[in-house]
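Scroll down for the structure; my scribbles are underneath it.
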Amino acid sequence: MRAAGMRRPSFGPITDSPAGRGERWFSRPQIIRVTFVWNVSQVTVATYVPGGTGHKGTVCLCLFVSNARPGRAAALPRAATLSRVRVILLRAPGYWLARTPLKGFPITRSVVLAPTTLAWITRLIACDTTSRNSNQELIDVIDAELRGQGLEPVLVPNSDGTKANLVVTIPAHDGSTTGGVMLAGHTDVVPVDGQSWSSDPFIAEVRENRLYGRGAADMKAFSGVILALLPEFLARPLAMPLHLAWTYDEEVGCHGAITLLADLAARGIRPDICVVGEPTSMRAVSAHKSSHLYRVSFTGLASHSSNTPNGVNAIEYAARAIAFIRSIADEHRVNGPFDASFEVPYTTINVGTISGGAAVNMVAERCDFEFEFRAIPGVSTAAIFSRIEDFLLGELRTAMRAEHATADVSFAPIGAVPALSAAGTGAALQLVHDLTGTSSEETVGYGTEGGLFQLAGIDTVVCGPGSIRQGHTANEYIDLAQISACEDFMRALARHLAHQH
Ligand SMILES: [Zn+2]
């Protein structure tokens, strides 16, 4: 818990602002005084125009403000012969950004976000929901907000009660809770361990028209926009219900989505359409590969390395297993099957971790590795699995036991995400096209909960703000323009849900 992030923001009027929002041109030097009600108490922005003809449309101010730092003006141009000053103020609670079309400063379109969007995203990022932690703090924040709006969220805890999904249905005007649209997102984030961040990953910071923080792209911006625009969905009677679902443990195997679906089924709630808000740059993604994760554990027999025949080297057997797995990966790479719609158009297999051995002068008693494979839709994952299993539990185990009877290898699945198949989409894809005004249909290489929702009979597409390229990285960020695009999507969805008959 971080005090700064958890403080509930309140938004008062912004005083003495000459621009209000959007952009405004000034012909004379101006002092812009902006009062922040949340976190930042006051920031004064001074701009000046030395006169002269100068550059057309140049600007001498560049200010970035975050709630962590109360204002920082970039260096003014030295030869400032400016005829006028153009200041674009980006309105957001706790943040004003003045953008400048000055050479050397990137020009981005001005973005006016809903009053509470950045505050919501900031608040969600402040909850450290790294998958190894509980997500309860974040769930409580959302739960309180939904209850405050008169809704009745349902919590679906995990088996030991340390984490929970949250699902809420906004019924149609006739009270109906069947059918309708579900917006789904996961609450957890990947660790920041070992990453080099230039700001606190759990304190959202706006710099250069981007919001930085762990989960900014994957996928707390999506959740923050939903919460900020909730009033849009509640303002009008809905012709069909809207379901909002937040899950736990997506990043470690989509465990939450499985219990979420069980809960929905038990309560007879089955949305017609689901939009999973993973970062796709707000483009419709109708297909992704499946993902299957396994851990393989070798138990050999320790011995002094001067007497190798006395031991069974677990590392050496693991190496043989890895080489076999790689050979299967190579087969798929060379022979397919191929699906050209994917960036990597075939099934891939990757050994991601390995550990083993105790000392260089010992025969290694233990070795464990983890691998995953990502299969294109239509590829039999069972066939891949059984080939690896046959090799491990057949040939390798036999060879190990020939060396010593206690040697063994075990093989355990640690997670699986089914593929999302484009064949399954129809209405969901159409809806996203309608709401975004686009017609593209893409595939991605990463897995999402969408495959599980599709398996449960819900027409599912993936569409959310931000780029997956920024997900999981150090200095993860989301472009503010992406947040704005997500807001547009939510407003269009609210209109759609209200107008359907
Ligand atoms: Zn994600």
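Okay, here's what the table says:
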{"item": "Evaluation of E389 against (1) in a loop (DSSP other than H, G, I, E, B); (2) free of Cβ contacts under 8 Å to residues at least 24 places away in the same chain (one fails), failing number", "result": "(1)"}
{"item": "Residues of the range 244-299 that turn out to be surrounded by fewer than 22 Cβ atoms within 10 Å (Cβ to Cβ), over 27 Å from L230 (Cβ atoms) and within 15 Å of the ligand (Cβ to nearest atom), as a count", "result": "2"}
{"item": "Some residue of the range 136-146 being within 16 Å of the ligand (Cβ to nearest atom) and at pLDDT 95 or above", "result": "yes"}
{"item": "Answer from G464, G447 - the residue that is modelled with pLDDT of 90 or more, assigned to a loop (DSSP other than H, G, I, E, B) and either closer than 22 Å to S341 by Cβ or within 15 Å of the ligand (Cβ to nearest atom) (or both)", "result": "G464"}
{"item": "Test: A329 is over 31 Å from the mean Cα position of the chain (by Cα), assigned to a helix (DSSP H, G or I) and buried (at least 16 other Cβ atoms within 10 Å of the Cβ)", "result": "no"}
{"item": "Hits in the range 457-477 (condition: of a type in the set (A, V, I, L, M) and out of contact with any Asp or Glu (no Cβ under 9 Å at 6 or more places or on another chain))", "result": "A474"}
{"item": "Selection count, the range 402-444, where residues are over 19 Å from F342 (Cβ atoms) and either within 16 Å of the ligand (Cβ to nearest atom) or among the aromatic types (F, W, Y) (or both)", "result": "2"}
{"item": "Test: residue in the range 369-377 that is under 31 Å from the mean Cα position of the chain (by Cα) and in a loop (DSSP other than H, G, I, E, B)", "result": "yes"}
{"item": "Enumeration of residues in the range 191-219 that are buried (at least 19 other Cβ atoms within 10 Å of the Cβ), within 14 Å of the ligand (Cβ to nearest atom) and either assigned to a loop (DSSP other than H, G, I, E, B) or not hydrophobic (A, V, I, L, M, F, W, C) (or both)", "result": "R214, G215, D218"}
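The values are calculated or read from the model by the stated rules, or taken from the named source; none is laboratory data. All values derive from a computational prediction rather than experimental measurement. In this analysis, Cβ positions are derived from the backbone assuming ideal geometry, glycine residues included, and neighbour counts consider all displayed protein chains.
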